[in-house]
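Reading through the C-alpha cells given below for one structure.
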Amino acid sequence: MEARDPELKKELDATLHARKELGDDYESALVESFLEKVEQRLDDTVDRRVRRQLAEQQVVVARGSTKSPQGASSFGERFGFGAVSLVLAIPLSAIGVANAGIDGLVVAWLGIVGVNAVHAARGLPWQRRSRQKSDWED
C-alpha cells in the first residue's frame, strides 16, 4: 500500500461527503465503514507480502543455500509491524479517550508501546542463543 493511495483517498472523500449530507447521527457508522476498508486494504497488503516472503524462502531452500534470509526480512517485518501498530493506534486512542478520557489514552499508548517493545526485543542478539528444551516440549 502506497503512502498516497488514490482509491483510499476517494473513499475518504466519499465518506466525508456522506457525513456532511447525513449529519452527526451516522458519523460512527461512516467511520466504521471507512476503517473496515482500510483494514481490508492492510490485510491485502500483508497477505501479498507474506506470499512474496514465503516464495523467496522457498527459492532459498530449493537452491540449497545455507544462509537464512532472516537478516534481510527482519527490517521489513519490524517496519511493517510498527506501521500496522500505528494505524491501529488511531482507533484504539479514540476508544480510550471516549471511554476513560486522558487516562484511557495513556493506557492505550502504553499498551501500543509495550507490544512494540516486546516485538523489537525478540530479535536482540542476547535472545538468539539456543535455548534448552523444557520438559513440556516434545
Item to check | Computed FRET value (nearest 0.05) for A29 with Q58, which takes r as the C-beta separation and R₀ as 41 Å | outcome: 0.40
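Around R51, what is the net charge, scoring Lys/Arg as +1 and Asp/Glu as -1 over all other residues with Cβ under 13 Å from its Cβ? Walk me through the intermediate numbers first.
On the way: positive: R48, R49, R52; negative: D43, D44, D47, E56.
In short, -1.
Just so you know, all these numbers are worked out from the coordinates, no wet-lab data involved. All values derive from a computational prediction rather than experimental measurement. Note that we place each Cβ from the backbone using ideal geometry, even for glycine, and neighbour counts take in every protein chain shown.
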